[in-house]
Structures are given as structure tokens and as C-alpha cells.
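Derivation of every value follows stated rules applied to the coordinates shown; laboratory data play no part. Note that this is a predicted model, so its numbers are computed, not measured. So basically every Cβ, Gly included, is an ideal-geometry build from the backbone, and we count neighbours across all protein chains shown.
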Amino acid sequence: MANPTDIIDTTEGTPYNPAAAAITNGTVAAAVRFTKTINAQTGTTYQPTLADAYEGGRQVTTLDNAAPVTVTLPLEATVPFVATYGCCALNFVQKGAGKVSYVAEAGGSIVPAATPSHSSQNTAVAALPMGAGVWRLVGALGA
């Protein structure tokens, strides 16, 4: 049985089993399931760790605060996401009313630079480490 804090994409309530997956002509069969672990954060600041990239992106970090929340995306030298996982995505959900914004650690950068925040409550953004302190944000971005 899955951990009670897992998000399970299935109608049967069972977590993803890679051995049961069948891919035909690029289509994944209905037997494919996945589980995402939730990292619930309630503070007004957060800096991701290697644990946030659990198995290359199977974790979701929820950010739940009534006040604005700032996520600091680290340099590769500080937290080696690319060196450790090769490629991963850090998944964030703005659960609370406090607007979630992203900043790069000193010496790093974020693309797109113009909209490094969630568009509204209950939206998701993925942060993709591109190496050398460069991060690409994708998802529900707003000003």
C-alpha cells in the first residue's frame, strides 16, 4: 500500500509498477501508475535539496503559507542536481494564498526572468536545472 501522503494516479489506488508498464507504438498502457511523494513546506522561504529531486522528479513540494513564499534555486555547486541525477524536475505547488516567487542563488539565473512566480493559488510550476546555476521554470507562471 502507498504512503498516505503519496499522490497516486490510478483508479485502482495502487502505485506505479514499472514492471507492469507496456508501451506500444509510443502509447503507455493503462497498467502504468506513478506515485509522487509530498514534501509539505509551511514557511516563507525554501531552498530545494537533493531530496526534492527524489528519483529524478517524483516528489512534489507544496508551499502553504498565507504570506508570500520565496523559493531560492541553488547553484549546481551548492546542490548538485545535474551531477547527481543528470536530468530532473523539481515540482512545486502553491497550496496557500501567499504568492510563491522564485529567485536564483547569487551567481545563478532563472529563465524566464520576467515571470518567476506562480500565477495563482493551487497552481504548479516545475523548475528544471540546466546546470551552472541556470534554472528554467515551466508551468502556471504569472507576474
Sorted by chain and number, the residues with a modelled amide H under 5 Å from that of Thr62, at a separation of 5 or more or across chains, are Asn39, Ala40, Gln41, Val93
For the pair Ser109 and Ala66, the simple spin-label estimate (label points 7 Å beyond Cα toward Cβ) gives in nm 3.9 nm
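Applying 1/(1 + (r/R0)^6) with R0 = 25 Å to the Cβ-Cβ distance of Ala143 and Cys87, what FRET efficiency is obtained, to the nearest 0.05?
Working: r = 29 Å, r/R0 = 1.15.
The pair Ala143/Cys87 has a calculated efficiency of 0.30.
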Sorted by chain and number, the residues with a modelled amide H under 5 Å from that of Leu141, at a separation of 5 or more or across chains, are Ser119
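Sequence gap at least 6, Cα distance under 8 Å: using those rules, report the relative contact order of segment 36-142 to the nearest whole percent.
On the way: 276 pairs, mean separation 26.7, N = 107.
Here the relative contact order equals 25 percent.
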Phi-derived 3J(HN,Hα) across segment 75-92 with the Karplus relation (6.51, -1.76, 1.60, θ = phi - 60°), rounded Hz, x for Gly and Pro, is 5, 4, 5, 7, 10, x, 4, 5, 5, 7, 10, x, 8, 7, 10, 9, 9, 10
Ranked on Cβ counts within 10 Å of their own Cβ, fewest leading, Leu63, Leu141 go Leu141, Leu63
Interchain or sequence-distant (5+) residues whose placed amide H lies within less than 5 Å of the amide H of Ile110 are Trp135
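Once R0 is set to 25 Å, what does the formula 1/(1 + (r/R0)^6) return for the Cβ-Cβ distance between Ala97 and Met130, expressed as a FRET efficiency to the nearest 0.05?
Working: r = 31 Å, r/R0 = 1.22.
Efficiency for this residue pair is about 0.25.
What's the local net charge at Val79, with K and R +1, D and E -1, over the other residues with C-beta under 10 Å away? Let's see the in-between values first.
On the way: positive: none; negative: Asp52, Glu76, Glu105.
Cβ neighbours under 10 Å give a net charge of -3.
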